[in-house]
Every structure is written in C-alpha cells, then in structure tokens.
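The values are calculated or read from the model by the stated rules, or taken from the named source; none is laboratory data. This structure is a prediction, so every number in the text was calculated from the model and none was measured. We place every Cβ from the backbone using ideal geometry, glycine too, and count neighbours over all the protein chains shown. For accessibility, only protein heavy atoms count, side chains too; no ligands or nucleic acids. Shrake-Rupley method; radii C 1.70, N 1.55, O 1.52, S 1.80 Å.
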Amino acid sequence: MFRALLLLAVAFAVFPLGAQQIPHTDVTTLSNTHIVLPAPGSRKPILIVIAFSHTGGNDSGAWNKRFQPLYTKDSRFDYLELADFQGVPSFIMKMILHGMRRSVQEPEKSHLAPFYATEDDWKTLVGAHDKDVAYVLLADASGHVVLQTHGPATDSKVAEVAAALAKLEH
C-alpha cells in the first residue's frame, strides 16, 4: 500500500494535475521545414509565439526581434512563431504566403509557420480573449506548458520568459 502511494505521489510530482499540453500540430515554416508539435523525441524546450490576427502579428514580430539574437545563437531551445490562418480561402492564402515569403527574411523565415487547423485548441490553451495581441508560451521538451504570457514584448515579460527558459535549459 505504501509503495502504491509513493508511486502515485511521484507521478503527480512529475505530471502535475492540470498541466497544460501544447496541442498536436503539424506545420510547415516559410522555408518549407516540416514541424510537428510537440516534437517527438525532442530534448529541448520550445518557445512559441502565436498570432491570431494581423494585428497580433505585429506583437509577434516584436517578440521575435527580442528573441532572435537568442535563438540564432543558442541551440539549447527551439523557437517557433505560429500565425493562425484557419478558415482563409486557399486562393487568398496563396497570395498571403507569397507576400510573407518575400517580406520575411532568414532566420525568421525558418521559425515562422502558418497553421490552418487546431485554432480552437490553441485559443483554449492560451486563454485567447483578445485576437489582436500575441500569445507566448514556453513548453518543456515533452510539450507541457511551463509559462504563458500575452501582449506586447515588454522588458519585464521578456525577462520572465528568459528566466524560465534558463531554468529549463539546466
């Protein structure tokens, strides 16, 4: 009996109740790299910035500028920007993608991926109440969310994300 309780306690410590998991998502970046979330077999945490609108994309761009120097030099974590295009007609989407590929430069192009499904899952996960801001989350290698924030990339929010990332890297 004691052994069963001990195993149960260890399980709850490793997998806490209510731990949020990033939704299974298949995307292709603007540089045509296929990515599956959560990444099977990954050993690295992932920082994800999500935009649900064009205006939210402006916030995403600001977050990217703050983290680009870090993700281009530090391979201990993955970085991905997700742009929601669920429901956009395919003929319009082709024009949008063409414009995005022309205007976005590397290294961002390799980290920016439109997504066309699982919008509701992502909105539920981040508690999206305002589609015009970016949502930022940090997940461990198995896809469990360890930190979330939203809105503009302020110094205090960036510092909070960087501190949480540093804890996961060790």
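Accessible surface for Lys123 stands near 70 Å², nearest 10, in the context of the full protein assembly shown (1.4 Å probe). Taking all protein chains into account, the per residue accessible area for the chain stands at 56 Å² (1.4 Å probe). Cross-link partners for Lys65 among the lysines, with Cα-Cα distance under 23 Å and sequence neighbours closer than 8 places in the same chain left out: Lys44, Lys73, Lys109, Lys131, Lys157, Lys167.
Computed with every protein chain present, the accessible area of Trp122 is close to 0 Å² [probe 1.4 Å]. Look at the dipole of the range 101-170 built from charges on Cβ: of Ser156, Val104, Phe115, the Cα furthest out on the positive end belongs to Val104. Counting only other residues whose beta carbon sits under 9 Å from that of Lys131, what net charge do I get with K and R as +1, D and E as -1? Result for the local shell: -2. Charge dipole of the range 28-121 (Cα centre as origin; +1 on each Lys and Arg Cβ, -1 on each Asp and Glu Cβ, all else neutral): 440 debye, rounded to the nearest 20.
Measuring r between the beta carbons of Ser142 and Thr28 and using R0 = 30 Å, the FRET efficiency lands at 0.85. Residue-wise HN-Hα couplings along the range 142-152, as the Karplus relation 6.51 cos²θ - 1.76 cosθ + 1.60 with θ = phi - 60° gives them from phi, are 8, x, 7, 6, 10, 7, 9, 8, 7, x, x Hz; Gly and Pro carry x. Working from Cα pairs under 8 Å separated by at least six residues, relative contact order for the chain is 33 percent.
Computed about its Cα centre, the charge dipole of the chain is approximately 360 debye, with only Lys, Arg, Asp and Glu carrying charge at their Cβ. Across the accessible surface of the range 14-109, with the other protein chains kept in place and a 1.4 Å probe, carbon and sulfur atoms take up 57 percent. Between the listed residues Ser53, Pro23, Trp63, the Cα displaced farthest toward the positive end of the dipole of the range 22-89, a dipole computed from Cβ unit charges relative to the Cα centre, is found at Trp63. Considering the chain at the alpha-carbon level, its Rg and Dmax are found to be 17.0, 63 Å. Of the listed residues Asp74, Asp140, the order by accessible area with a 1.4 Å probe, largest first, is Asp140, Asp74.
Surface calculation, 1.4 Å probe, protein heavy atoms: Val146 sits at approximately 70 Å² accessible.
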